[in-house]
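First the structure, in the form of structure tokens, and then the observations on it.
The values are calculated or read from the model by the stated rules, or taken from the named source; none is laboratory data. In this text, all values refer to a predicted model and were calculated from it rather than measured experimentally. Here the Cβ is made from the backbone with ideal geometry for all residues, glycine too, and neighbour counts use every protein chain on show.
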Amino acid sequence: MFKGLVVGFCAILGLVSIDVVSSVQNRLNKVFGVEPMVQAASGPAFSATSCEEATDFVSGAGFQHVFATKCSGAQYRFNGFRGGNEYTIVFNAQSKGLAAISR
């Protein structure tokens, strides 16, 4: 029982000390006029083509009745028709070109 009390007390003491440190750091930043550094949100490492641009590209490649089934990430997926057959078309949003065509 005594061991449990000691462990609990140490845990509370640790949490309080972390809060005190961050509080002191915030006060020092205000005194010295230092703004805390905020890390910018990281987006995709490439400039992706919009889904509409990709649809136009696939249509321009000779497919009719093109519709998107997935427009996120680095590869977009479309279904389209050519010569009476339905195809699944994978478009690479980074290189802005067709990656794969399958029936």
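Number of residues in region 59-73 that are surrounded by fewer than 14 Cβ atoms within 10 Å (Cβ to Cβ) and either of a type outside the set (Phe, Trp, Tyr) or part of a helix (DSSP H, G or I) (or both) equals 8. Of the residues in region 74-81, not one is in a loop (DSSP other than H, G, I, E, B) and at pLDDT 90 or above. For region 75-95, filtering for residues that are crowded, with 17+ Cβ neighbours inside 10 Å and among the β-branched types (Val, Ile, Thr) leaves 1. Taken over region 84-103, the criterion of being outside any strand (DSSP E or B) and under 15 Å from residue 59 (Cβ atoms) is satisfied by 96 alone.
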